[in-house]
Amino acid sequence: MAVTVADVVAVMNHHYPPALAQEWDRVGLSVGEPSAPVQRVGFAVDPCAATVHEAIDRGAQLLITHHPLFLRGTHSVAADTGKGQWVTDLIRSGCALFSAHTNADSAADGSGAALASLLQLNHVRPLEPSDHDSTVGIGSVGELPLSMSVREVAQRLKALIPATPAGITIGGDPERIVRTVALCPGSGDSLFARVQAVKADVYVTADLRHHPATDHLWNGGCPLIGLTHFASEWPLLVNLRRRVSVELGVDAYISTLITDPWIERI
């Protein structure tokens, strides 16, 4: 039997339950017919002109993104706006759009686990466990198999994640020796208290703001490694593709397009 959009949605929802999503989030199928057949699935961090057109050009019938297309209410998808045009193009091309956002962040093999896997961390557990299930939650904490400096952790990450013009930054002592690593792909400066509580030697996250970061560092917090939002979440796509490919056998690709908003460093 042919695989349908609904079949892919069922696999995604099984492994990344919508119930794990934050209350404000909007996840799931946003464009497309559930009964439509699927031969190829594309995976990307962002739904945008570049990834939508890539999916169409590569013959995908479903594009799965980490970030939702619509987070706030909308009353129109007319093609006189960017997002309206993307919806129009997807529908005309027979390509559905699905997102797994904070539910994928919180899942057992979600964004935190994916980044932890790149660093080969041991004894990985959630940085902020869910109130309902301590085995899942936002971010990850784990131990490096061999101790290394903060700078060496950053250099290892640089070799493993997509390169973006904004690059990778370090706050605090680059030479501090690291064994316990705390991670939160995406915006993570709301979790500094948790980072302190787990006694992390370094915290890897993105979207660090000046005042929360300096308050953390100047009050004895561990060093920081700042990634871009896009680059920190890109490793998740490997896990998402594996789930769909293994269970349904459909052809799938991971987009390597850089959709980080920062395009040049001067």
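The values are calculated or read from the model by the stated rules, or taken from the named source; none is laboratory data. These numbers were taken from a predicted model, which means no experiment stands behind them. Positions of Cβ are backbone-derived with ideal geometry, glycine not excepted, and every protein chain shown enters the neighbour counts. Protein only, heavy atoms only, side chains kept; ligands, DNA and RNA dropped before computing areas. Shrake-Rupley method; radii C 1.70, N 1.55, O 1.52, S 1.80 Å.
Data for the structure
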read-out: Selection within segment 132-161 - outside any helix (DSSP H, G or I), touching a residue at least 12 places away in the same chain (Cβ under 8 Å) and open to solvent by 50 Å² or more (accessible area, probe 1.4 Å); value: Thr135, Pro145, Ser147
read-out: Filter result (within 19 Å of the chain's Cα centre (by Cα) and open to solvent by 20 Å² or more (accessible area, probe 1.4 Å)) within segment 5-23; value: Val9, Asn13, His14, His15, Pro17, Pro18, Ala19, Leu20, Ala21, Gln22, Glu23
read-out: Long-range neighbours under 9 Å by Cβ, at least six apart or interchain, first residue among the small types (Gly, Ala, Ser) within segment 6-24, second at pLDDT below 95; value: Ala19/His132
read-out: Residue count, segment 53-107 (criterion: touching a residue at least 12 places away in the same chain (Cβ under 8 Å), in a loop (DSSP other than H, G, I, E, B) and over 24 Å from the mean Cα position of the chain (by Cα)); value: 1
read-out: Test for Asp46: is it open to solvent by less than 50 Å² (accessible area, probe 1.4 Å), modelled with pLDDT of 95 or more and closer than 30 Å to Glu152 by Cα; value: yes
read-out: Segment 24-43: number of residues that are among the β-branched types (Val, Ile, Thr) and open to solvent by 20 Å² or more (accessible area, probe 1.4 Å); value: 1
read-out: Residues that are farther than 22 Å from Gly220 by Cβ and either at pLDDT below 95 or of a type in the set (Gly, Ala, Ser) (or both), drawn from segment 166-188; value: Ala166, Gly167, Gly186, Ser187
read-out: Selected residue (criterion: farthest from the chain's Cα centre (by Cα)) from residues of segment 208-242 that are among the charged types (D, E, K, R) and more than 19 Å from Val141 (Cα to Cα); value: Asp215
read-out: Residues (out of contact with any Gly (no Cβ under 9 Å at 6 or more places or on another chain) and not polar (S, T, N, Q)) located in segment 201-225; value: Asp201, Arg209, His210, His211, Pro212, Trp218, Gly220
read-out: 2 or more residues surrounded by 15 or more Cβ atoms within 10 Å (Cβ to Cβ) and without any contact (Cβ under 8 Å) to a residue 12 or more places away in the chain: qualifying helices (runs of 4 or more DSSP H) within segment 162-256; value: none
read-out: So Leu71, is it modelled with pLDDT under 95 and open to solvent by 40 Å² or more (accessible area, probe 1.4 Å); value: yes
read-out: Residue tally, condition closer than 23 Å to Ala10 by Cβ and either over 22 Å from the mean Cα position of the chain (by Cα) or not in a strand (DSSP E or B) (or both), over segment 24-44; value: 11
read-out: Filter result for the condition that a residue is among the small types (Gly, Ala, Ser) and closer than 14 Å to Val52 by Cβ, over Ser99, Ser117; value: Ser99
read-out: In segment 20-44, the residues that are touching a Leu at 6+ places or on another chain (Cβ under 7 Å) and either farther than 13 Å from Val87 by Cα or among the aromatic types (Phe, Trp, Tyr) (or both); value: Arg26, Val38, Val41, Gly42, Phe43, Ala44
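For every residue, the table says whether it meets (1) of a type outside the set (D, E, K, R); (2) touching a strand residue (DSSP E or B) at 6+ places or on another chain (Cβ under 9 Å).
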site: Gly137; (1), (2): yes, yes
site: Gly142; (1), (2): yes, yes
site: Arg151; (1), (2): no, yes
site: Pro165; (1), (2): yes, no
site: Ala182; (1), (2): yes, yes
site: Ser187; (1), (2): yes, yes
site: Ala193; (1), (2): yes, no
site: Leu208; (1), (2): yes, yes
